[in-house]
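The values are calculated or read from the model by the stated rules, or taken from the named source; none is laboratory data. Because the structure is a prediction, the values reported are computed rather than measured. Methodologically, a virtual Cβ is constructed for each residue, glycine included, from the backbone with ideal geometry; neighbour enumeration extends over all protein chains shown. Areas reflect the complete protein model, heavy atoms only, side chains present, ligands, DNA and RNA absent. Shrake-Rupley method; radii C 1.70, N 1.55, O 1.52, S 1.80 Å.
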Amino acid sequence: MTCSDKPGQLVNWFVCSLCAPRVCKLWSSRRPRTRRNLLLGTACAIYLGFLVSQVGRGSFQHGQATDRGPPNGHDIFKVPFPEIPLDGTLAPPELQGNGSTLQPNVVYITLRSKRSKPANIRGTVKPKRRKKYAVASAAPDQEVLVRPSLIQQEAARAADAEVPGYVQGYLTKVGERPWRVLRGPGVRTRGSNLQQPRARESNIRIYSESAPSWLSKEDIRRMRLLADSEVASILPAISKSGTRLLVLEGSTSGSVPGCGPSPCGLLKQPLDMSEVFAFHLDRILGLNRTLPSVSRKLEFIQDGRPRPIILWDSSLASASNDSHSSVKITWGTYQQLLKQKCWLNGRVPRPEWDCTEIHHHEWSKMALFDFLLQIYNRLDTNCCGFRPRKEDACIQNRLRSNCEDQTSVTLAHIIQRKNDPRHLVFINNKGFFDRSEDNLNFKLLEGIREFPESAVSVLKSQHLRQKLLQSLFLDQVYWESQGGRQGIEKLIDVIERRARILITYINAHGARVLPMNE
């Protein structure tokens with residue numbers, strides 16, 4: 001042991017050796033006891049202060065030596081952490097207002113905030129980054145149009161052409177132009193080979209090796225066409241509901257139907273967003289009767305709200321103006337067709353049965369599909385099977401009073417294809433998720449005695465929720481517009497409750513469940 005190791009002990013020994021004889025002498029002298037006690041107390045107080053300062057200095061040096069210990073040492077003391085709240089409310093010492101400091105070994109623990117992104121769904125992995133391509137630039141003095149162009153092909157040749165009335169009234173405010181002329185690089189002119197690169201990824205996100213099994217490759221290709229293709233022009237309104245026909249850039253090669261040389265899509269209102277849900281539910285149930293539909297935001301619509309866009313199919317048979325159907329059928333005729341079971345098992349119907357070309361199983365598929373989504377605009381246009389609201393079309397058109405004579409009520413939106421009249425195509429699939437269970441429209445199931453096995457098996461398998469989450473997750477715009485996974489779960493809750501009610505109805509009425517994949 002050296003002198004530098006124990007400096008405090010040497011000082012203590014030196015002070016004691018000097019003070020001990022003098023204290024004894026003072027104590028034994030004849031001086032007054034009051035003065036003697038004062039001197040003795042002062043000396044002891046000074047010595048006590050010296051000892052306290054030495055102890056504090058020694059503990060500080062010991063702490064530094066512990067921090068600078070060897071990396072492989074095993075004699076380091078493990079000091080337990082103090083009790084710290086885990087809610088993130090404890091502030092660092094420099095931010096506390098009471099002036100007190102904490103020990104150097106205090107650890108501040110905060111909880112991670114709840115993530116806002118949807119939970120990881122099985123079958124998805126981290127997306128790969130896409131390669132960036134060089135941007136082709138136009139000539140400095142070249143006049144270009146910002147995409148998407150909202151002018152028709154006849155007016156595209158002149159930059160100062162007049163805006164069509166239906167475009168100006170629907171897409172822009174009064175007095176504004178739906179497009180503007182710019183000069184600069186990176187934007188191509190109509191008819192030029194310069195193409196603007198895509199700065200964003202596809203709105204149809206598929207992170208796994210393959211899409212869900214219920215969606216075909218053709219479905220995925222058409223969904224991406226609707227979600228990502230640029231809009232070349234807009235055709236006049238087709239109906240009074242504000243529907244527009246968008247001409248998309250691309251070709252109609254393969255089996256993609258178009259409205260001319262390019263594919264088209266029907267752009268509907270934001271209130272029709274259930275069309276996207278209906279498309280995915282149709283594919284999961286194995287019905288395959290709806291047209292591909294995605295949700296999309298368009299830059300030229302000023303409110304910025306997403307809207308459903310549905311693939312335009314030119315192979316659909318022409319519909320009449322009053323019922324929007326390719327074949328005119330009343331409710332009374334429809335019930336007779338269900339009893340005759342037209343074209344079942346390949347049997348040719350008799351002429352006196354007045355059968356249409358539609359197969360008997362198509363009505364069962366439509367009834368099941370419409371009940372789950374509570375779609376009434378096909379089989380119950382007058383809202384006779386439930387209590388409608390003021391916003392329903394039957395109330396707006398004053399059709400509720402016709403429920404007394406239901407046999408003469410005409411069915412609507414009964415559509416076939418020109419080359420396939422045996423099967424139906426489900427259009428205008430606007431569903432209602434806010435209808436209570438005590439107000440469900442059971443009139444949609446009237447006369448149905450068979451149900452498709454593929455759909456019923458999915459409803460009984462308890463995998464409907466998982467499949468809907470996987471399928472709807474592909475459409476990023478729709479997923480986010482419904483509030484992410486939390487909002488999608490609420491919609492699935494409604495469908496699952498209706499599915500249980502439907503299964504109970506099938507069992508109570510003795511309906512048969514048959515394979516319907518003719």
Kindly provide the trypsin sites (Lys or Arg not before Pro) of region 378-444 that DSSP labels as loop, not H, G, I, E or B, and whose Cβ sees at most 14 other Cβ atoms within 10 Å.
389, 390, 398, 418
Highest first, please rank the peptides 361-369, 451-459, 482-490, 508-516 by the mean number of other Cβ atoms sitting within 10 Å of their residues.
361-369, 451-459, 482-490, 508-516
State log₁₀ I(q)/I(0) for region 463-518 at q = 0.16, 0.24 Å⁻¹ as given by the Debye formula over alpha-carbon point scatterers of equal weight, solvent excluded.
-0.63, -0.91
Rg(Cα)/(2.2 N^0.38 Å) for region 257-345, N = residue count:
1.40
Extension gain residue 207-residue 436, at 0.36 nm per residue separation less the Cα-Cα distance, in nm?
78.8 nm
Distance from region 291-308 to region 394-436 (C-alpha centre basis), Å:
25
Stretched fully, the stretch from residue 398 through residue 47 gains (0.36 nm per residue minus C-alpha distance, one decimal, in nm) 115.9 nm
When the chain is fully extended, how far beyond the present Cα-Cα distance does residue 486 get from residue 507, taking 0.36 nm per residue of separation?
4.3 nm
Tell me, what % of the accessible area of region 403-500 is carbon and sulfur with a 1.4 angstrom probe?
44
In nm, the gap between the two label points placed 7 Å beyond Cα toward Cβ at residue 40 and residue 463 is 9.6
Only Cα pairs under 8 Å and at least 6 apart count here; give the relative contact order of region 270-388 as a rounded whole percent.
16
Anisotropy class of region 302-448 from Cα gyration tensor, a/c 1.5 cut
oblate
Here the net charge surrounding residue 371, from other residues whose Cβ is less than 10 Å away from its Cβ (Lys, Arg +1; Asp, Glu -1), is +1
Let me have the relative contact order for region 380-518, percent, based on Cα pairs under 8 Å that are six or more residues apart.
24
Show me 211-219, 278-286 ranked by packing, highest mean number of other Cβ atoms within 10 Å first.
278-286, 211-219
